[in-house]
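Engineer: Mind having a look at this structure? Questions to follow.
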Amino acid sequence: MTMTNAGASPELHSPRLLLRAPSPALCEAVRDFQLRNREHLAPWDPPQPPDFLTPEVVLARLQQGADEFAAGAALRYWFARRVAPAVLIGQIGISQLSRGPFQNASLGYSLDAHAQGQGLMHEALQAVIAELFGPRVRLHRLQAAVRPENRRSRAVLQRLGFSPIGLSRRYLFIAGAWRDHELFDLVNPAWPDDQAP
């Protein structure tokens, strides 16, 4: 199989969701999501600088995200319900994209406090994984790190077929301390073991 690597689509659709790449046009919606979920996500996210949610900093971050997306250096999707596209309810980030013999990336995600328990993150991740393992991006493997006490996040990964691969001690500084994380991976089933990148 020839690697096309045309780049990820900037817009994905699932039955209930619209997923969009970073864009300065999303500034107000991104700020709203992050302000609304500041306390909800604080136990799981690294600390942020005091100006993290100012309009100027959010706008600069979205522009940087758009540039990285276009270059294939990092991918992020902000998503909303298709019936309410102006209100973002989650995001999925793909970082540390490695090509060559590794063909791997790290996966992170967050979901609005009021959207929990409806299968929405599972649905969004299915769409993103299909894009990452499909012909436009064609990664061999995804890796995710989750705090052991984050049962919901662990359940999402396991339902998607991710396998536990170990424990990384003192992995990230979150909520005032270095926190252990469990590592999970998912290998692209369409990539045979004897097929070169």
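Engineer: Could you bin all the Cα-Cα distances of the stretch 43-104 into 10 Å bins starting at 0 and give me the percent of pairs in each, rounded to whole numbers?
Structural biologist: 18, 39, 35, 9, 0
Engineer: What whole-number value in Å² describes the accessible area per residue of the stretch 132-175 for a 1.4 Å probe?
Structural biologist: Computed with neighbouring chains in place, this is 56 Å² per residue.
Engineer: What relative contact order, as a whole-number percentage, does the chain give when Cα pairs under 8 Å and 6 or more residues apart are counted?
Structural biologist: Answer for the chain is 22 percent.
Engineer: Report the extension gain between Ser168 and Val187 in nm, rounded to one decimal, defined as 0.36 nm multiplied by the number of residues separating them, less their alpha carbon distance.
Structural biologist: Residue separation times 0.36 nm, minus the Cα-Cα distance, leaves 4.9 nm.
Engineer: Can you give the Rg and Dmax of the stretch 22-74 based on its C-alpha atoms, in angstrom?
Structural biologist: When restricted to Cα atoms, the stretch 22-74 yields Rg and Dmax of 11.7, 33 Å.
Engineer: Net charge near Arg154, counting Lys/Arg +1 and Asp/Glu -1 over other residues with Cβ under 12 Å of its Cβ?
Structural biologist: Net charge in that neighbourhood comes out at +2.
Engineer: Can I ask one more? Note the full-extension length gain between Ala70 and Gln48 as 0.36 nm times their separation in residues minus their Cα-Cα distance, in nm to one decimal.
Structural biologist: Taking Ala70 through Gln48 to full extension adds about 5.4 nm, to one decimal.
Engineer: Which value, in debye to the nearest 20, describes the size of the charge dipole of the chain about its Cα centre when Lys and Arg Cβ atoms bear +1, Asp and Glu Cβ atoms bear -1, and nothing else is charged?
Structural biologist: About 320 debye.
Engineer: Take the Cβ-Cβ distance between Glu39 and Ala60 as r, set R0 to 41 Å, and report the resulting FRET efficiency rounded to the nearest 0.05.
Structural biologist: With R0 = 41 Å, the Cβ-Cβ based efficiency is 0.95.
Engineer: With every protein chain kept in the model, how would you rank Asp194, Asp67 by accessible area, 1.4 Å probe, largest at the top?
Structural biologist: Asp194, Asp67
Engineer: Who wins for biggest fluctuation among Gly93, Gly166, Gly134 in a Gaussian network model of the chain, springs between alpha carbons below 10 Å?
Structural biologist: Ranking Gly93, Gly166, Gly134 by mean-square fluctuation puts Gly166 first.
Engineer: Next question, about the same structure. For a quick protection proxy, order the peptides 100-112, 174-186 by their average other-Cβ count within 10 Å, most packed first.
Structural biologist: Final packing ranking: 100-112, 174-186.
Engineer: Tell me, what is the per residue accessible area of the stretch 69-110 in Å², probe radius 1.4 Å?
Structural biologist: Heavy-atom accessible area per residue stands at 43 Å².
Engineer: Normalised radius of gyration for the stretch 70-156, please: alpha carbon Rg relative to 2.2 N^0.38 Å, two decimal places.
Structural biologist: This ratio for the stretch 70-156 stands at 1.14.
Engineer: Here is a follow-up. FRET efficiency for Glu149 and Gln195, Cβ-Cβ distance as r, R0 = 35 Å, nearest 0.05?
Structural biologist: About 0.35, to the nearest 0.05.
Engineer: In whole percent, how big is the carbon plus sulfur part of the accessible area of the chain, probe 1.4 Å, protein atoms only?
Structural biologist: In the chain, the share of accessible area belonging to carbon and sulfur is 54 percent.
Engineer: Let me ask something else about it. On alpha-carbon atoms, Rg over Rh for the chain using Kirkwood Rh?
Structural biologist: That ratio is 0.95, to two decimals.
Engineer: Apply the Debye scattering formula to the stretch 18-122, with a single equal point scatterer on each alpha-carbon and no solvent, then give log10 I(q)/I(0) at q = 0.24 Å⁻¹.
Structural biologist: Taken in order of the listed q values, log10 I(q)/I(0) reads -1.49.
Engineer: Provide the percentage of antiparallel DSSP beta bridges, counting only those with both residues in the chain; round to the nearest 5.
Structural biologist: So the antiparallel bridges amount to about 90 percent of the total.
Engineer: Send over a whole-number figure in Å² for the accessible area per residue of the stretch 25-66, probe 1.4 Å.
Structural biologist: Per-residue value: 62 Å².
The values are calculated or read from the model by the stated rules, or taken from the named source; none is laboratory data. The structure presented is a predicted model; accordingly, all values stated were derived computationally and were not measured. Counting neighbours? That spans all protein chains shown, and the Cβs are built from the backbone with ideal geometry, glycine included. In case anyone asks, the SASA skips ligands and DNA or RNA and just uses the protein heavy atoms, side chains included. Shrake-Rupley method; radii C 1.70, N 1.55, O 1.52, S 1.80 Å.
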